[in-house]
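Notes to accompany the following structure.
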Amino acid sequence: MNTRALFYLKETKELTKAVLSLYNAGVCTLMYCHGCPSPTLLNSLSVMSGSFLMACSTQALNQAYEAPIDKIMTRTMRRPIPSGTIPRSAAVAIGLSLGGASLALLAPLGYMTQLTALSIWSGYLMIYTPLKRVTRFSTHIGSIAGAAPVYLGWVAGTGTFYGLDPFLMGLFMAAWQFPHFYGILWTYKQDFLKGGYKMITNVDPNGIKTSRGNKIAALSQLFATIGMGYTGMIHPLFVPVAIWYNWTPVKAALEHFQAFPNAMTGHKLTIVSYRLIGTLFLVLFGTIAWRKAMEWVKEVKERTDQEHRKYEDYKASS
């Protein structure tokens, strides 16, 4: 692959926020595997690739919409559209193409899965994105949009929205958005103000409201984690380990920000939020691996017992 192709691949990765989109795909796939009575590799790949492309589509179209604002903000002026490496029309074409491909990949999971994906896509682009310049409560709406992929995976696996597990997982993901995004807001406070965004930082110079929101979010995540341990979505033994691993850094980040609300302590909140989401993925994957291992042990034991009974029957008849 030549240098020019690598450059455009890198720019497309930035346009679609591929790493963040991969997180969304991971959440969807985990919820599918957890909810589906008999998940298959093919359907798991369909959920993963379909949700990944849907997230990429959303990010590309979001950047196309916000390109004029991105051009005047230091944080975003080097993005592909403002910098001129990808035309705005091309970004729209990429976004729509990825969205169409996503719906095609999700087709084997049923029309409910496709409608859920389309609803998430529409809600993010048509409600959350415009509201960022209208009200500071857009972050709260964005937290719902950020948690919605949980239900995409759940619907793909179960065909329904009902269940305590998706609610708890959705609660964790919605709460996660606050320290993550609030941290970004405080890191680039003046930049967002220059872009005309209506954010909590506009009305919270001392960080009091932000600190309160972060504490509520942390407690919500703690409640959701314990709840997932209770339902069995997370193995009960993993819950205290996850809490112990994150308690000190989360507490320190919240206290430092409350004492000194600035760009540095805001950035620390964002970093800690990645630690939390990483831990969640680890314990969820660990729980799935544990269950599969226990199922394998059970099957081996049953086969061994069956062979033993056959041998005993053979001895008795000899």
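If I ask for residues that are among the β-branched types (Val, Ile, Thr) and either assigned to a helix (DSSP H, G or I) or within 28 Å of residue 81 (Cα to Cα) (or both), which ones from segment 31-60 would you list?
First, pick out the residues of segment 31-60 that are among the β-branched types (Val, Ile, Thr): 40, 47, 58.
Residues satisfying the conditions are 47, 58.
Looking across 210, 225, 201, one residue alone is surrounded by 16 or more Cβ atoms within 10 Å (Cβ to Cβ), assigned by TED's automatic domain parsing to the domain that holds residue 275 and touching an Asp or Glu at 6+ places or on another chain (Cβ under 7 Å). It is 210.
Do we have residue 57 as touching a residue at least 12 places away in the same chain (Cβ under 8 Å), under 18 Å from residue 173 (Cα atoms) and hydroxyl-bearing (Ser, Thr, Tyr) here?
On the way: touching a residue at least 12 places away in the same chain (Cβ under 8 Å): yes; under 18 Å from residue 173 (Cα atoms): no; hydroxyl-bearing (Ser, Thr, Tyr): yes.
It is false that residue 57 is touching a residue at least 12 places away in the same chain (Cβ under 8 Å), under 18 Å from residue 173 (Cα atoms) and hydroxyl-bearing (Ser, Thr, Tyr).
I'm checking my understanding of the structure. Among residues of segment 182-210 that are among the aromatic types (Phe, Trp, Tyr) and touching a Gly at 6+ places or on another chain (Cβ under 7 Å), which one is nearest to residue 124 (Cα to Cα)? Once the filter is applied, the top-ranked residue is 182. On the stretch given as segment 1-30, residues that are β-branched (Val, Ile, Thr) and not in a helix (DSSP H, G or I) total 1.
Within segment 236-287, restricting attention to residues that are of a type in the set (S, T, N, Q) and in contact (Cβ under 8 Å) with a residue 40 or more places away in the chain, the residue that is nearest to residue 184 (Cα to Cα) is 270. Of all residues in segment 69-112, those that are more than 25 Å from the chain's Cα centre (by Cα), surrounded by fewer than 16 Cβ atoms within 10 Å (Cβ to Cβ) and of a type in the set (Ser, Thr, Tyr) total 3.
Surrounded by 14 or more Cβ atoms within 10 Å (Cβ to Cβ) and assigned by TED's automatic domain parsing to the domain that holds residue 39: does that describe residue 52? Explain how you work it out, then say what you get.
On the way: surrounded by 14 or more Cβ atoms within 10 Å (Cβ to Cβ): yes; assigned by TED's automatic domain parsing to the domain that holds residue 39: yes.
Spelling it out, residue 52 is indeed surrounded by 14 or more Cβ atoms within 10 Å (Cβ to Cβ) and assigned by TED's automatic domain parsing to the domain that holds residue 39.
Restricting attention to segment 113-137, the residues that are exposed (fewer than 15 other Cβ atoms within 10 Å of the Cβ) and in a helix (DSSP H, G or I) total 6.
What helices (runs of 4 or more DSSP H) completely inside segment 184-267 contain at least 3 residues that are among the β-branched types (Val, Ile, Thr)?
Values: elements: 189-194, 208-231, 238-259.
Result: 208-231, 238-259.
Restricting 136, 75 to those that are basic (Lys, Arg) and out of contact with any Lys or Arg (no Cβ under 6 Å at 6 or more places or on another chain) reduces the list to 75. All of (1) under 28 Å from residue 284 (Cα atoms); (2) without any contact (Cβ under 8 Å) to a residue 12 or more places away in the chain; (3) not in a helix (DSSP H, G or I) hold for residue 78 with one exception: (1).
Summed over segment 161-176, residues that are in contact (Cβ under 8 Å) with a residue 12 or more places away in the chain, within 22 Å of residue 109 (Cβ to Cβ) and either surrounded by 22 or more Cβ atoms within 10 Å (Cβ to Cβ) or hydroxyl-bearing (Ser, Thr, Tyr) (or both) total 4.
The values are calculated or read from the model by the stated rules, or taken from the named source; none is laboratory data. Bear in mind the structure is a predicted one, so any value in this text is a computation, not a measurement. As a convention, Cβ positions derive from the backbone with ideal geometry for all residues, glycine included, and neighbour counts pool all protein chains shown.
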